Amino acid sequence: MLRNTKSGYGLVAIFFHWLIAALFLGQAALGFYMADLPPDEALVFTLFQWHKSLGLLILVLALLRLFWFAMNRMPELPGPMPVREKRAARLAHLSLYAAIVAVPLTGWALVSASPLAIPTFAFNLVVVPHLPVTVSEAAEAFWGFIHGNLAKLALLVALLHIAAALRHEFILRDGLIRRMIRPARE
Amino acid sequence: MMDFNRKFPVFCLLLASALATVPARADLLLEQAAGRYVIEPGRSKLGFSVSQVGGGGIKGVFKTFSGSFLIDGGDISRSEVSISVDPGSVDTGAERVDAFIRGKAVFDAKRKPPVRFRTTKVTRTGDDTARIDGLLNARGIDKPAHFDIRLLERRGRRITFRVSGTIRRAPYDMQIGYPIYSNKVDFDMVFTGRRR
């Protein structure tokens, strides 16, 4: 029920999948929205702090998820899938795993590199120290570029992932999506 | 016993004159300092700091301000202070931080009137110290505020005071950044005035 099996995902993997998916998409929407707003508005400052808190939450969840991933087997993809599609699917999954760690980390680096030196006070509860990166306008711009483009790349892969899942559901009709809804039984 | 009783009136007289001497001397100093003074920005400094979570904080100065004060030699409580500060002149050493403080989220310096302080009451608290109560206006909002002042120096027509106090940001709609940045702003200021 909790753990993955040969043919399906356990409850823990399913929980991580949907929770991080929702947080990541919400975070991306928030990030692209606030990045274009004038920086001297009170609301914008507050949105940035929410984005930092949510990003760190995603990072913590992602690390727990990776730990769980390492402790569990990956369910096999459906037998009839062509090898090339299986490889593409695995590549997408691994890329998304990498993204949920790398995008928050580069955001953290961006905050740490900024000469504004605004402390990170996650959910107004925990003071999170800055990463040991160079502090300068140039370093901030660099991490900003990496952070934003990694996020766009991750969204693109997520979009392909969603499109593939919908193809399985509505065109191939092999019931693959159900594996991410109903936990596998032993 | 007899001896003490005989000397008691003398003792009282000595005690009374000893007690009277301190205020009398201070009053004399004040009488000499009485007058209207214009603040000289070049010899004054308006510094502030706001602490932040995890240590450190923002420190800066306001560079543009003007004002005057009146020292009432006869009755110190009737003394007056009035000062006007351009919040757009903030300088923290980091241009983007300055722009944020000048901007809409904090002082809104372009649209709002300058920051002003005027006294309502001056209370002497020591030989060279006093407490000034007044109204501080920022973003067009008037709130009571008080500062502690200490006389640092009086030379010729100039007099210099150190002024310190703590102002909470929230009553002025400037609570942005709280609780990352403290609600309290600590002011450490030195004002030199020149008697007219």
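The values are calculated or read from the model by the stated rules, or taken from the named source; none is laboratory data. The structure presented is a predicted model; accordingly, all values stated were derived computationally and were not measured. Here the Cβ positions follow ideal geometry from the backbone for every residue, glycine too, while neighbour counts run over all protein chains shown.
Data overview
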quantity	calculated
For residue B:193: the one exception among (1) part of a strand (DSSP E or B); (2) without any contact (Cβ under 8 Å) to a residue 24 or more places away in the chain	(2)
Residue A:19 vs. criteria closer than 30 Å to residue B:109 by Cβ, of a type in the set (A, V, I, L, M, F, W, C) and surrounded by fewer than 18 Cβ atoms within 10 Å (Cβ to Cβ)	no
Selection within the range B:52-70 - in a strand (DSSP E or B) and among the hydrophobic types (A, V, I, L, M, F, W, C)	B:58, B:61, B:62, B:65, B:69, B:70
Hey, residue B:133 within 14 Å of chain A (Cβ to nearest Cβ) and modelled with pLDDT of 95 or more or not	no
Test result for residue B:71, touching a helix residue (DSSP H, G or I) at 6+ places or on another chain (Cβ under 8 Å) and among the hydrophobic types (A, V, I, L, M, F, W, C)	yes
Total residues in the range A:51-89, condition assigned to a helix (DSSP H, G or I), over 16 Å from the mean Cα position of the chain (by Cα) and farther than 19 Å from residue A:3 by Cα	7
Output for the range A:115-127, where each listed residue is farther than 19 Å from residue B:50 by Cα and either loosely packed, with under 13 Cβ neighbours inside 10 Å or facing another protein chain (nearest Cβ under 10 Å) (or both)	A:123, A:125, A:126
Filter result for residue A:44 (β-branched (Val, Ile, Thr), assigned to a helix (DSSP H, G or I), surrounded by 15 or more Cβ atoms within 10 Å (Cβ to Cβ) and without any contact (Cβ under 8 Å) to a residue 12 or more places away in the chain)	yes
Total residues in the range B:71-88, condition touching a residue at least 24 places away in the same chain (Cβ under 8 Å) and either assigned to a loop (DSSP other than H, G, I, E, B) or of a type outside the set (Val, Ile, Thr) (or both)	12
Residues of the range B:129-165 that turn out to be more than 12 Å from the chain's Cα centre (by Cα), of a type in the set (D, E, K, R) and either part of a strand (DSSP E or B) or surrounded by 15 or more Cβ atoms within 10 Å (Cβ to Cβ) (or both), as a count	7
Residue that is within 14 Å of chain B (Cβ to nearest Cβ) and surrounded by fewer than 15 Cβ atoms within 10 Å (Cβ to Cβ), where the choices are A:25, A:94, A:37	A:37
Residue match in the range A:145-165 (condition: at pLDDT 95 or above and within 14 Å of chain B (Cβ to nearest Cβ))	no
Counted residues, the range A:128-145 - those being assigned to a helix (DSSP H, G or I) and buried (at least 17 other Cβ atoms within 10 Å of the Cβ)	5
Among residues of the range A:15-43, those that are under 18 Å from residue B:179 (Cβ atoms) and modelled with pLDDT of 95 or more, counted	0
Among the candidates A:134, A:106, residue that is without any contact (Cβ under 8 Å) to a residue 24 or more places away in the chain and away from chain B (no Cβ under 14 Å)	A:134
Subset of the range B:89-127 [away from chain A (no Cβ under 11 Å), surrounded by fewer than 15 Cβ atoms within 10 Å (Cβ to Cβ) and in a loop (DSSP other than H, G, I, E, B)]	B:111, B:113, B:125, B:126, B:127
Within the range B:166-196, tally of residues that are under 18 Å from residue B:80 (Cβ atoms), surrounded by fewer than 18 Cβ atoms within 10 Å (Cβ to Cβ) and modelled with pLDDT of 95 or more	2
